[in-house]
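Scroll down for the structure; my scribbles are underneath it.
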Amino acid sequence: MLRNLTRTKQSVLRLSTRSLATTSIPTTQKAIIFDKNNGPLEYKDIPVPKPKPNEILINVKYSGVCHTDLHAWKGDWPLPTKLPLVGGHEGAGVVVALGDEVKNFKIGDLAGIKWLNGSCQSCEYCVNGFESNCAQADLSGYTHDGSFQQYATADAVQAAKIPQGTDLAGVSPILCAGITVYKALKTAHLKAGDIVAISGAGGGLGSLAVQYAKAMGYRVLAIDGGKEKGELVKSLGAEFYVDYQSSPDLIEEIQSKTKGGPHGVINVSVSDKAISQSTKFVRSTGSVVLVGLPPNAVVHSDVFNHVIKSISIKGSYVGNRADTREAIEFFTRGLVKSPIKVVGLSELPGVYELMEQGKILGRYVVDTSK
Ligand code: NAD
Ligand code: ZN
């Protein structure tokens with residue numbers, strides 16, 4: 001009798017035959033979901049998804065909150081989201097079920113939900129390691145329900161491998177912010193001792209970019225607004241800080257501090273103006289890397305300046321599987337650590353408000369059990 005009651009209460013769902021016999025997965029779970037862009041963010045029970053043959057099911061423990069999640073909810077970009085949508089693409093958790101074709105994960109492994117949930121694996125871009133540029137790219141928290149839920153599916157080929165024993169809250173921001181800035185720094189083609197400016201250095205991507213840059217042997221000039229962000233980036237290893245809110249002449253200040261401008265600039269701010277300014281203060285022959293995606297933004301680069309200084313401007317979009325493995329290794333070796341604040345999943349709407357106001361230092365991470 002008692003046994004029957006417990007069984008009914010748990011409403012156990014048996015998944016694939018390859019799920020561990022003892023693993024019981026609930027049929028419903030908590031999630032944050034919205035029906036339309038900018039509509040209410042509802043914290044409620046929704047069904048647990050079933051993995052397709054190529055997918056794993058991850059019991060997400062923690063998920064970082066990326067500014068991209070805010071863009072997705074607001075519908076900021078020219079690419080439509082699926083609706084209704086569960087956002088989130090920095091999810092770290094435990095594998096609880098495997099689709100029948102999965103060979104590279106087993107139950108109990110730690111795994112991560114990344115922005116690139118899956119890609120075709122056979123087009124020109126995929127075979128050359130540019131999976132994020134695949135025309136069939138499936139995006140977590142955008143075209144595929146993401147990590148703001150307790151159970152999420154991911155293509156086993158793209159899901160991130162996380163070594164056993166890794167701190168799951170700590171590693172979660174690496175799954176988008178870390179991979180993205182690590183790849184962006186590679187894209188800048190710098191050499192040890194060069195100066196890199198990180199514009200938007202106090203936010204989620206920026207606070208990791210400062211540390212990856214240091215670990216890769218570069219000197220860092222951090223740009224953001226306010227005293228607190230200045231203190232944070234200096235504590236993470238930035239050599240210079242320029243406050244865009246109080247600097248009387250940002251371009252002049254950066255060029256004088258760096259004696260001619262930084263060799264590279266990683267733009268992770270959500271500011272049109274900051275991006276265009278970076279083409280002015282970058283050093284001759286330097287690289288401007290575009291990462292942040294303010295809505296309807298256009299980068300203005302004066303052609304005379306562009307040619308005479310021979311600068312390059314490049315876009316950088318997350319990273320591939322090799323970048324993922326390498327970016328996680330920097331974390332597990334203790335070389336980078338996202339400054340995180342952990343809150344309950346139900347508190348996500350408040351996190352979006354703070355993010356919109358530019359008030360977040362580092363990264364917020366949601367605990368899916370609360
Ligand atoms: P965030 O809100 O945590 O950080 C943005 C930071 O920019 C904040 O600290 C803010 O104070 C600062 N900022 C605002 N105006 C500025 C200015 N004029 N100059 C300098 N700093 C300024 O956001 P995040 O999660 O780090 O994401 C940043 C952007 O990167 C978003 O647009 C996001 O969508 C994008 N993104 C792109 C990729 C990619 O692959 N290209 C991947 C992830 C995120
Ligand atoms: Zn992201």
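Label separation (L335 vs S312): 2.2 nm, computed from points 7 Å beyond Cα along the C-beta direction. The relative contact order of the chain, computed from alpha carbon pairs under 8 Å that lie at least 6 residues apart in sequence, is 17 percent.
Tally up the carbon and sulfur contribution to the accessible surface of the chain as a whole percent, 1.4 Å probe, everything protein left in place.
Within the chain, the accessible surface is 54 percent carbon and sulfur.
Antiparallel as a % of all DSSP beta bridges within the chain, to the nearest 5? Looking only at bridges with both residues in the chain, the antiparallel portion is about 55 percent. Taking every DSSP helix (H) stretch of at least 4 residues in the chain, weighting each as -39,500 (n - 2.57) and dividing the sum by the residue count yields a mean residue ellipticity at 222 nm of -7500 deg cm²/dmol. Under 18 Å from a label point set 7 Å out along the Cα-to-Cβ vector of R325, the amide N atoms of segment 80-103 belong to 103. Legend: distances between Cα atoms for K183/K257; K44/K114; K36/K229; K214/K359; K74/K341; K82/K234; pairs beyond 31 Å are K36/K229; K82/K234. Efficiency by 1/(1 + (r/R0)^6): what FRET value for S235 and D100, r their Cβ-Cβ distance, R0 = 41 Å, to the nearest 0.05? According to the calculation, E is roughly 0.25.
With every protein chain kept in place and ligands, DNA and RNA left out, what is the accessible area per residue of the chain? Probe 1.4 Å, answer in Å². Could the numbers behind the result be given before it?
Details: 16320 Å² over 370 residues.
On a per-residue basis, the chain sits at 44 Å².
Label-to-label distance for S246 and N296 is 3.3 nm, based on points extended 7 Å past Cα in the beta-carbon direction. Considering only D100, D155, D224, the mean-square fluctuation computed in a Gaussian network model of the chain, springs between alpha carbons under 10 angstrom, is largest for D100.
The values are calculated or read from the model by the stated rules, or taken from the named source; none is laboratory data. None of these values were measured; they are calculated from a predicted model. Because the Cβ atoms are built from the backbone with ideal geometry, glycine has one as well, and the counts that use them run over all protein chains shown. To get the accessible areas, we keep the full protein, side chains included, count just its heavy atoms, and leave off ligands, DNA and RNA. Shrake-Rupley method; radii C 1.70, N 1.55, O 1.52, S 1.80 Å.
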